[in-house]
Each structure stands twice: as structure tokens, then as C-alpha cells.
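For reference, the structure discussed in these notes is given below.
The values are calculated or read from the model by the stated rules, or taken from the named source; none is laboratory data. Note that the structure is a prediction, hence the values are computed from the model and not measured. For neighbour counting, all protein chains shown are included, and Cβ atoms are generated from backbone atoms with ideal geometry for every residue, glycine included.
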Amino acid sequence: ARRSPGEPEFLQAVSEVLESLAPVLAEHPEFIEAGILERLVEPERQFIFRVPWTDDRNRVQVNRGFRVQFNSALGPFKGGLRFHPSVNLSVIKFLGFEQIFKNALTSQRIGAGKGGSDFDPAGRSDAEVMRFCQSFMTELVHYIGEDMDIPAGDIGVGSREIGYLFGQYRRITRRYESGVLTGKGVGWGGAEVRTEATGYGAVFFADEMLQRAGQGMDGRTAVVSGSGNVATYAIEKIAQLGGRAITASDSSGYIVDEAGIDLELLKQVKGVERARISEYAERRPGAHFVAGGSVWDVAGELAFPCATQNELDESAARTLIANGVRAVTEGANMPTTPAAVELFEEAGVLFAPGKAANAGGVATSALEMSQNAARSRWDRDKSENRLHDIMRDVHEATYSASERYGRPGDYVLGANSAAFVTVAQAVLEQGVI
Ligand code: NDP
């Protein structure tokens, strides 16, 4: 805390991990002696830079860019870029720290980093977004490379932004280095199913968790927050596995559609038109829009927070529990506050932390890197099957670690301990660096 004043999100992410590691450290005094914890909470290096660009009215705008290279014991730094006005160093550090453990759980030999900017793409033209991305990459180019640091998307960074970023990287370096960014268009080096991977993966994880508890996804109603990349494809996979997602949200409010979300309409409104979520309710008979408010007021057996950090707090958790929620699966990073997680544990609600449940996105990014390196391209079935296998393995590793450390079904303990042992062992074996 002394070293990170004004970084509440980062400190929250660190304490969540450290608080669950006591049983692991009791068995591994060598990790304490080697100062592994002190080394894991300190990024290897961090860059903060100016991003100047010109808007459509020819005015100069200045944003702040970040890239935090957190840990490369398992492989090159890997993690997304977030463009959102709420981005600051604390947010990027919390995301980068979480990424260490998530990436370890995928078993894909990738280290951890995160970056982004306080640029707000909302309401900006394509040309403005392109100029911003070009300026951002003009600085970022110095820090990244396919064997060094490989960024991807996150909030506000989808295939459009990755395209502009890759174009500028290629122009500056004069090299076609496919593996330097992931989430590329499938026509030029992107992996099949990367777009869907985080949402699909979270639902695969939830399905494994429910099955282990003797339940299933079939016939269950789900409350989903967000309407971006993760939420959209979580909603799609829930329907494919026989469930019914009845909500979606954005920063203006949420919609309820008891018949089940019409995915084509959602993709049209949010993905293509980049409109507000209320537009969905206007075009869909039977659906209604609630301005502001909390999507967690809607009753459902499954909850999938897929928007942003700390969006599901203690009072939302109480409402969900009172409404009979059985399982909460984090599609977003750290969407559930620590007090809310505690309430779910006390109430016996199954809880899947994001670093395990949303690892499918980065895992598929690692598959994209492998395909780029081999100059090969997998088809859709192979890609989705690999994703499914990886999520089964992440679930298995997480569940067995929870058993091993004495609390079967405590996925927070399971994810943190399984990931920590993997990274700590690598750091230990590589000496004091
Ligand atoms: P998108 O930008 O595609 O969508 C974000 C969604 O969340 C939008 O509906 C947005 O609403 C909403 N949202 C964002 N910030 C806020 C806020 N402060 N308050 C209310 N709503 C908000 O992002 P993704 O779907 O890619 O990311 C969602 C979450 O999943 C993030 O936590 C991200 O870190 C995590 N994640 C993403 C991965 C990926 O592969 N994309 C991988 C692993 C985790 P609005 O349109 O109004 O801004």
C-alpha cells in the first residue's frame, strides 16, 4: 500500500490473491524465503506516455497511454488494451496483476501485461479512432514484439481498433509481424473463435462447475450484464447449451427480454450501429428498458457479470441471493466486490472468479500466436474444440487445487493457488531477477 498510493483497484486485486494463499505458503516456505510475493506485486516495467491526435474539427486532443509489463516468467508479456475514460495506472495494474494468474491457468506459456488509454471511443468517428490508434501505436511500437509483448483487445478495443493498431505497427516497422497483436481479422492472421472465446469460455466454465455440483445449464435463466464482446458471446453460448439469457446492459441501463435475448438484434444495435441498449427494447416486442438501475434486480438462476470491475456489490449480491441465484460466473475482470464474494460463499452460491472463468479469451489469443508462428490456420471446429478442452482443463486444475488445499468448490482459492504455484515455481527456478 505504501508503494501504491491512489491505486485502490490494484490493491484490491492484490489483497484478494494474497488473502487466499495462506494454505499454499504454509506448504512452500521456499517461496517466502525467495521473496516471490514481493516480486510478483512489482511490475517488471511500466510505460506511461502522451498520445496526441487531431479530431475531426482539427483540434488537438491529448490522452494518456499505458503499458504495464507485469511478469514474464512463463512467457512473453500478454494482455489486452483498454480504451475507456476510467483508465488510469491503478486500473491497468490491477488488470495486469490478474493477468499473471489467468495466463498461468491456461497452461499456454504466456507472461502477463496490460495497457490502454483514457481515450473514450464513444461518439468518435472511425477516422478519429484511426488517428488515435495510429498515435498510440507510434509510441507503443517501442515496447512490443512477438517474442516480447503481445497486446490484444479489452473494453473499447475490438477488431476495428486492432486493425488500425496493426496497420500502424506494420507501417513503422516495415515488417509483417503477425504475432505482435492478437484479435486480428480472420482474413489476415486472426484466429477463428477469438472474438467469441471469452464469452463462450465463461459459459463452458459455468457448465463444468454446474455439472460438478450435479446441476446443468439446460432450462436455466441467466442474468447477464454488459452488451460488448464478452456479454454478447456469453449470451450466445448460454442459448446453445439450452439456457436462456434474459438481460443485457450498458452504462445507460439494462434491458429485460423474458423470451430470451435476440442475439442478431443485440449484435446489430451494439456491434454494428454502436447505439445505446435502449434501442434494443424499442425494436423488440415484449422487451423493456430500465434507465440506470441495477441489472442484478432481475431474478435468474445464473448470473454472468460481463461489463466492468466492481459492478456487482454487496447489495446486488443480497438481491441475487434472495431471488435464488445458484451460480455466479465472472466474464469481466473483478466485477464482484470482495464483500459480495463473501456473501455468495456464505450462501453456498457457486462462484467462478474471472481469472479462471474468462481465461478463454487469452488462451485463444495464445492459439492465434501459435498459428501465426506456424503460418497455419485452424478451422472453426478445431478452434472451438481446443477452447472447450482448455476451459475443461482450467476448471479441473482450479477444482482440484480447491480440494488439495482443503476447501472443495472454493474456486477463488483454487484459481489463486493453482496459478500461484505455477508462476512462483518458474520465478524461483529463474533466480533473483
Ligand atoms: P466491450 O468494450 O466490448 O464491452 C464493455 C461493455 O461493458 C459495454 O456494454 C459497456 O457499456 C459496459 N461497460 C463498460 N464500462 C462500464 C461502466 N463503467 N459502467 C457500466 N457499463 C460499462 O468490452 P469487453 O466485453 O471486451 O470486456 C468486458 C469485460 O470483460 C472487462 O472487464 C474486460 O476486462 C473483461 N475481459 C475481456 C476479454 C476479451 O477478450 N475482450 C478477456 C477477458 C476479460 P457502454 O457501451 O455503455 O460503455
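A Cβ distance below 7 Å, combined with a sequence gap of six or more or placement on separate chains, defines the contacts here; from the stretch 117-136, residues that are in contact (Cβ under 8 Å) with a residue 40 or more places away in the chain reach residues that are exposed (fewer than 15 other Cβ atoms within 10 Å of the Cβ) and hydroxyl-bearing (S, T, Y) in the pairs R131/T54. Hey, any hits in the stretch 195-210 for a residue that's free of Cβ contacts under 8 Å to residues at least 24 places away in the same chain and more than 16 Å from the ligand (Cβ to nearest atom)? Within the stretch 195-210, not a single residue is free of Cβ contacts under 8 Å to residues at least 24 places away in the same chain and more than 16 Å from the ligand (Cβ to nearest atom). Considering each residue of the stretch 134-162, count those that are within 15 Å of the ligand (Cβ to nearest atom) and part of a helix (DSSP H, G or I), and give that number. Within the stretch 134-162, residues that are within 15 Å of the ligand (Cβ to nearest atom) and part of a helix (DSSP H, G or I) number 4. For the stretch 221-232, taking the residues that are within 13 Å of the chain's Cα centre (by Cα) and not β-branched (V, I, T), the one that is surrounded by the fewest Cβ atoms within 10 Å (Cβ to Cβ) is identified as G228. Listed by position, the helices (runs of 4 or more DSSP H) enclosed by the stretch 302-363 that each have at least 3 residues that are more than 16 Å from the ligand (Cβ to nearest atom) are 314-322, 338-346.
Going by what's in this entry, would T198 be described as surrounded by 19 or more Cβ atoms within 10 Å (Cβ to Cβ), not in a helix (DSSP H, G or I) and not hydrophobic (A, V, I, L, M, F, W, C)? The answer is no for T198.
Scan the stretch 238-272 for residues that are surrounded by fewer than 21 Cβ atoms within 10 Å (Cβ to Cβ) and in a helix (DSSP H, G or I) and report the count. Residues flagged as surrounded by fewer than 21 Cβ atoms within 10 Å (Cβ to Cβ) and in a helix (DSSP H, G or I) within the stretch 238-272 amount to 9. Are any residues in the stretch 51-79 of a type outside the set (S, T, N, Q) and over 29 Å from M369 (Cα atoms), and if so, which ones? If the condition is that a residue be of a type outside the set (S, T, N, Q) and over 29 Å from M369 (Cα atoms), then P52, W53, D55, D56, R57, R59, V60, V62 are the ones that fit. Checking each residue in the stretch 135-150 for being out of contact with any Gly (no Cβ under 8 Å at 6 or more places or on another chain) and buried (at least 16 other Cβ atoms within 10 Å of the Cβ) picks out S135, M137, T138, V141, Y143, I144, G145.
The rows are residues; the columns are (1) outside any loop (DSSP other than H, G, I, E, B); (2) exposed (fewer than 14 other Cβ atoms within 10 Å of the Cβ).
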| residue | (1), (2) |
| --- | --- |
| R2 | no, yes |
| E19 | yes, yes |
| V24 | yes, no |
| F49 | yes, no |
| P52 | yes, yes |
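Whether a residue is closer than 18 Å to Y233 by Cα, within 19 Å of the chain's Cα centre (by Cα) and either in a helix (DSSP H, G or I) or assigned by TED's automatic domain parsing to the domain that holds K78 (or both) was assessed, and L367 does not pass this test.
Screening V180 on (1) out of contact with any strand residue (DSSP E or B) (no Cβ under 7 Å at 6 or more places or on another chain); (2) β-branched (V, I, T); (3) more than 16 Å from the ligand (Cβ to nearest atom) shows it passes everything except condition (1). From L413, L367, L350, grab the single residue that is within 21 Å of I32 (Cα to Cα), modelled with pLDDT of 95 or more and among the aliphatic types (A, V, I, L, M). Selected residue: L413, the only one of L413, L367, L350 that is within 21 Å of I32 (Cα to Cα), modelled with pLDDT of 95 or more and among the aliphatic types (A, V, I, L, M).
Given the structure, is Q99 in a loop (DSSP other than H, G, I, E, B), polar (S, T, N, Q) and buried (at least 18 other Cβ atoms within 10 Å of the Cβ)? Taking the combined requirement at face value, the residue does not satisfy it.
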